[in-house]
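Input: a single structure, listed below in structure tokens.
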Amino acid sequence: MLRRHALMGLAGAALAFGFCGSALAEDTVKIGLILPMTGPSASTGREIEAAVKLYMQQNGDKVAGKKIEVITRDDTGQADITKRLAQELVVNDKVAVIAGFGLTPLALAAGPIATQAKVPAVIMAAGTSMIVDQSPFFVRTSFTLPQNTTPMAEWAAKNGIKKVVTLVSDYGPGIDAEKAFKDKFTADGGQVLDSLRAPLRNPEFAPFLQKAKDLKPDALFLFVPSGFGASLMKQVSERQFKEAGIQVIGTGDVLDDEQLNGMGDVVLGMITSMNYSAAHDSPENKKYVADFEKANPNMRPNFMSVGGYDGIGLIYKALEKTGGDTTGTKLLDAMKGLSWTSPRGPISIDPDTRDIVQNVYIRKAEKKDGQIYNIEFATIPNVKDPLHGKK
Ligand code: PHB
């Protein structure tokens with residue numbers, strides 16, 4: 001009885017002073033983090049969640065006097081679930097920002113909700129070029145496939161490779177990679193003998209790899225999304241491309257740091273291009289990798305993790321700029337044009353496209369201290385997505 005009276009008294013006081021919870025709630029900024037935590041892209045979810053937690057550990061959970069609360073939801077990699085979760089987070093939880101999006105179809109499913117609710121949506125993972133055109137509230141901190149692929153095509157043409165077969169996953173980012181490679185490689189005088197596409201789900205690479213080998217190219221160019229590289233490289237190894245004198249190249253998605261060490265010696269010497277390697281040689285990255293591995297034993301940060309780390313960083317920086325104002329359009333404006341040094345190198349958000357501008361690195365898979373890493377040996381600075389404005 002006593003306790004009930006006391007509680008009622010408290011509630012009454014709260015009502016009388018008009019700060020019943022809503023004022024308290026306003027001191028908290030909620031961020032909805034939608035990720036595939038289960039299913040075939042679960043590693044993307046795990047990496048991004050770990051990176052977001054790390055950023056908040058390092059930088060605290062207060063920005064401009066507001067407490068940051070991240071609400072993580074598992075969309076299992078299915079677009080209809082992403083859409084429902086985005087809706088719930090915006091309508092019920094009243095989040096100021098939605099973020100995450102582990103695959104292109106998942107980002108696309110959230111676009112209309114961001115547009116309608118005028119809530120910024122930070123793409124931390126997906127890489128198809130056209131995603132940011134689908135909502136004025138999309139901002140990307142990951143990468144685009146054309147951005148990462150074009151330097152690989154240029155390197156191939158400059159390094160004695162004349163004929164290439166491409167093999168990609170048959171959906172948005174794969175088709176972007178295929179086109180970007182062909183555009184640049186043929187412009188530089190090379191020839192693409194065939195463009196092969198394997199299904200995204202449960203891919204059986206063997207017939208495609210056999211076909212590629214039979215065409216006797218100088219090189220085979222590969223793209224599969226994060227989490228699928230190990231099974232592809234196992235089948236590449238069984239087909240003995242190296243032995244047949246065919247060089248295997250690709251985007252760094254294939255030699256994802258999360259799986260790389262378990263892929264074995266077949267990957268040694270393989271050249272890829274990408275926006276991030278755990279071996280990136282900078283003080284910022286040394287600290288990032290050390291802190292990440294300390295907080296997550298047996299995990300190595302990959303390119304998805306930096307998309308998450310810089311994505312939450314972008315939200316913090318935007319909130320600082322608005323002085324804690326969470327109005328969607330104000331946050332979005334604050335995000336445009338921001339630039340800083342990430343563990344991957346210098347990055348910025350292009351104010352016109354809301355897409356990330358960053359260095360792309362050419363790397364060679366090598367053993368270092370008994371572990372396999374992608375060792376960067378060339379840098380292409382400040383690369384913009386080359387497809388924007390060209391469609
Ligand atoms: C995508 O679905 O956009 C995607 C996912 C994983 C990658 C690259 C692109 O590694």
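The values are calculated or read from the model by the stated rules, or taken from the named source; none is laboratory data. In this text the structure is predicted, and so the values were computed from the model without any measurement. Every residue, glycine as well, gets a Cβ built from its backbone with ideal geometry; the counts of neighbours run over all protein chains shown. Only protein heavy atoms, including side chains, enter the accessible area calculation; ligands, DNA and RNA are left aside. Shrake-Rupley method; radii C 1.70, N 1.55, O 1.52, S 1.80 Å.
Quick one: count up the residues across region 190-226 that are at pLDDT 95 or above, within 16 Å of the ligand (Cβ to nearest atom) and not hydrophobic (A, V, I, L, M, F, W, C).
Result for region 190-226: 4.
So if I check each of Thr341, Thr379, Thr329, which one is outside any strand (DSSP E or B) and modelled with pLDDT of 95 or more? Please lay out each step first, then the result.
On the way: Thr341 fails: outside any strand (DSSP E or B); Thr379 fails: outside any strand (DSSP E or B).
Just a single option satisfies the conditions, and that option is Thr329.
What residue, of Leu222, Leu215, Leu232, Leu260, is surrounded by fewer than 16 Cβ atoms within 10 Å (Cβ to Cβ) and in contact with a strand residue (DSSP E or B) (Cβ under 9 Å, 6 or more places away or on another chain)?
Working: Leu222 fails: surrounded by fewer than 16 Cβ atoms within 10 Å (Cβ to Cβ); Leu232 fails: surrounded by fewer than 16 Cβ atoms within 10 Å (Cβ to Cβ); Leu260 fails: surrounded by fewer than 16 Cβ atoms within 10 Å (Cβ to Cβ).
After ruling out the rest, the residue left standing is Leu215.
Does Ala86 satisfy the condition of being assigned to a helix (DSSP H, G or I), in contact (Cβ under 8 Å) with a residue 24 or more places away in the chain, within 16 Å of the ligand (Cβ to nearest atom) and within 24 Å of Pro136 (Cβ to Cβ)? Break it down stepwise before answering.
On the way: assigned to a helix (DSSP H, G or I): yes; in contact (Cβ under 8 Å) with a residue 24 or more places away in the chain: yes; within 16 Å of the ligand (Cβ to nearest atom): no; within 24 Å of Pro136 (Cβ to Cβ): yes.
No; evaluated as a whole, the condition is false for this residue.
Check whether at least one residue in region 139-153 is open to solvent by 10 Å² or more (accessible area, probe 1.4 Å), more than 12 Å from Ala177 (Cα to Cα) and in contact with a Lys or Arg (Cβ under 7 Å, 6 or more places away or on another chain), and report yes or no.
For region 139-153, residues open to solvent by 10 Å² or more (accessible area, probe 1.4 Å), more than 12 Å from Ala177 (Cα to Cα) and in contact with a Lys or Arg (Cβ under 7 Å, 6 or more places away or on another chain): absent.
Being surrounded by 16 or more Cβ atoms within 10 Å (Cβ to Cβ) and farther than 24 Å from Ala279 by Cβ is the filter here, so list the residues in region 337-356 that pass it.
Within region 337-356, Leu338, Ile349, Asp350, Thr353, Arg354, Asp355 meet the criteria.
Looking only at region 114-133, count how many residues are open to solvent by 10 Å² or more (accessible area, probe 1.4 Å) and either under 13 Å from Gln87 (Cβ atoms) or touching a strand residue (DSSP E or B) at 6+ places or on another chain (Cβ under 9 Å) (or both). I'd like the intermediate steps shown before the answer.
Kept after step one, since they are open to solvent by 10 Å² or more (accessible area, probe 1.4 Å), are these residues of region 114-133: 115-119, 130, 133.
With the extra rule that they be either under 13 Å from Gln87 (Cβ atoms) or touching a strand residue (DSSP E or B) at 6+ places or on another chain (Cβ under 9 Å) (or both), the set shrinks to 115-117, 119.
The total comes to 4.
What are the residues in region 69-92 that are open to solvent by less than 40 Å² (accessible area, probe 1.4 Å) and either acidic (Asp, Glu) or at pLDDT below 95 (or both), if any?
If the condition is that a residue be open to solvent by less than 40 Å² (accessible area, probe 1.4 Å) and either acidic (Asp, Glu) or at pLDDT below 95 (or both), then Asp75 is the only one that fits.
Provide a single number: the residues in region 313-326 that are in a helix (DSSP H, G or I) and open to solvent by less than 10 Å² (accessible area, probe 1.4 Å). Even if it seems obvious, please write down each step before you answer.
Our first condition is that a residue be in a helix (DSSP H, G or I); within region 313-326, this holds for 313-322.
Those left that are additionally open to solvent by less than 10 Å² (accessible area, probe 1.4 Å): 313-316, 318-319.
Number of matching residues: 6.
Taking Arg239 as the residue in question, decide whether it is basic (Lys, Arg), in contact with an Asp or Glu (Cβ under 7 Å, 6 or more places away or on another chain) and open to solvent by 60 Å² or more (accessible area, probe 1.4 Å). Give the derivation first.
Details: basic (Lys, Arg): yes; in contact with an Asp or Glu (Cβ under 7 Å, 6 or more places away or on another chain): no; open to solvent by 60 Å² or more (accessible area, probe 1.4 Å): yes.
So Arg239 fails the test.
Being closer than 30 Å to Thr329 by Cα, in contact (Cβ under 8 Å) with a residue 40 or more places away in the chain and out of contact with any strand residue (DSSP E or B) (no Cβ under 8 Å at 6 or more places or on another chain) is the requirement here; does Ala180 meet it?
Details: closer than 30 Å to Thr329 by Cα: no; in contact (Cβ under 8 Å) with a residue 40 or more places away in the chain: yes; out of contact with any strand residue (DSSP E or B) (no Cβ under 8 Å at 6 or more places or on another chain): yes.
So Ala180 fails the test.
If Pro136 meets every condition in (1) surrounded by fewer than 24 Cβ atoms within 10 Å (Cβ to Cβ); (2) in a helix (DSSP H, G or I) apart from one, which number is that one?
Pro136 satisfies all of (1) surrounded by fewer than 24 Cβ atoms within 10 Å (Cβ to Cβ); (2) in a helix (DSSP H, G or I) except (2).
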